[in-house]
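A.B. asks: The structure's right below; bear with me while I get my questions together.
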Amino acid sequence: MKQGINTINITLKVWRQKGHKDKGRFETIPVRDVETHMSFLEMLDVVNERLTLEGKEPIEFDNDCREGICGMCGAVVNGIAHGPEKGMTLCQLHMRKFSDGDTIAVEPWRARAFKVVKDLIVDRSSLDKIIQAGGFISMIAGGAPDANAIPIPQEIAEKAMDAAACIGCGACVAACPNASAMLFVGAKISQLALLPQGKPEAAKRALSMLREMDELGFGNCSNETECEAVCPKEISIANIALFNREFLKAGFGSSEK
Ligand code: FES
């Protein structure tokens, strides 16, 4: 232990995979003197420095803001997407949550629609494609003064804001036994469909996004609720119910089936 700094020794079992055609395997890496104030990603930085100095390939992992905002980070830690802490991204997880002697398994999101790029990095562009299929408003909604001129009940505004908290990290897909993206799509549909500007296209939007989700290989929702349990923004599965309502309306009311 360094003077005044708590350190632990851990064993990492980390997934190494060269690309999506490679079979991949777990590599065991003992890591000594991990400072407990470090974030999980800082611990991986330290491991990577050591691997580089030893002439080995560093562990590839996605990250950007490291503040729980951007949705770039993510890995399954000991079987849980984003790790053991509720309502938290991997970049917000700290090593003080682990104990000396722990073995920590780290793997990428596993889903048919997310191909492994390398090690812990997966291609999540399928989520972008779902948004491109309908996750927007195509009418001219006006500027901020116009939006502010439309009275919206506080309760509705808050529900829309809660749905808009989704950072598109994909943890919901990784946690779902069916690798469904229904929580992601539900949140993206709700944040628009709840507000007056998003209502005119709500049914068409639900249909388009669901079609795209199916085509991209995401599974169906069977109400496992694992998605809600791991969501770092604690998005409610009530958004899936709203999505289903919009989808039913689209099925009954739209000529575009
Ligand atoms: S790196 Fe941005 S949310 Fe984790």
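The values are calculated or read from the model by the stated rules, or taken from the named source; none is laboratory data. Everything quoted here is computed from the prediction, not taken from an experiment. Please note: Cβ atoms are built from the backbone with ideal geometry, for glycine as well, and neighbour counts cover all protein chains shown.
Each row is one residue, and each column tells you yes or no for (1) in contact with a helix residue (DSSP H, G or I) (Cβ under 7 Å, 6 or more places away or on another chain); (2) in a strand (DSSP E or B); (3) surrounded by 14 or more Cβ atoms within 10 Å (Cβ to Cβ).
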site	(1), (2), (3)
I5	no, no, no
K13	no, yes, yes
K18	no, no, yes
V34	yes, yes, yes
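A.B. asks: Right, next: Give the number of residues within region 97-117 that are in contact with a strand residue (DSSP E or B) (Cβ under 9 Å, 6 or more places away or on another chain) and either charged (D, E, K, R) or in a strand (DSSP E or B) (or both).
C.D. replies: 13
A.B. asks: Would it be correct to say that E201 is loosely packed, with under 14 Cβ neighbours inside 10 Å and of a type in the set (D, E, K, R)?
C.D. replies: In short, no.
A.B. asks: Here's something else I'd like to know. Considering only residues of region 50-75 that are of a type in the set (D, E, K, R) and within 13 Å of the ligand (Cβ to nearest atom), which is surrounded by the most Cβ atoms within 10 Å (Cβ to Cβ)?
C.D. replies: Among those residues, the one meeting the criterion is D62.
A.B. asks: With the requirement that a residue be at pLDDT below 85 and not hydrophobic (A, V, I, L, M, F, W, C), what does region 128-144 give you?
C.D. replies: Hits for region 128-144 are G142, G143.
A.B. asks: Residue check, E60 against (1) within 17 Å of G170 (Cβ to Cβ); (2) out of contact with any Lys or Arg (no Cβ under 6 Å at 6 or more places or on another chain), all met but one. Which one?
C.D. replies: It is condition (2) that E60 fails.
A.B. asks: Output the residues belonging to region 76-132 that are within 13 Å of the ligand (Cβ to nearest atom) and in contact (Cβ under 8 Å) with a residue 60 or more places away in the chain.
C.D. replies: If the condition is that a residue be within 13 Å of the ligand (Cβ to nearest atom) and in contact (Cβ under 8 Å) with a residue 60 or more places away in the chain, then A81, H82, G87, M88, T89, Q92, L120, I121 are the ones that fit.
A.B. asks: Further question: Would you check which residues across region 169-195 are outside any helix (DSSP H, G or I) and crowded, with 20+ Cβ neighbours inside 10 Å and list them?
C.D. replies: C169, G170, C176, A179, S180, A181, L194, L195
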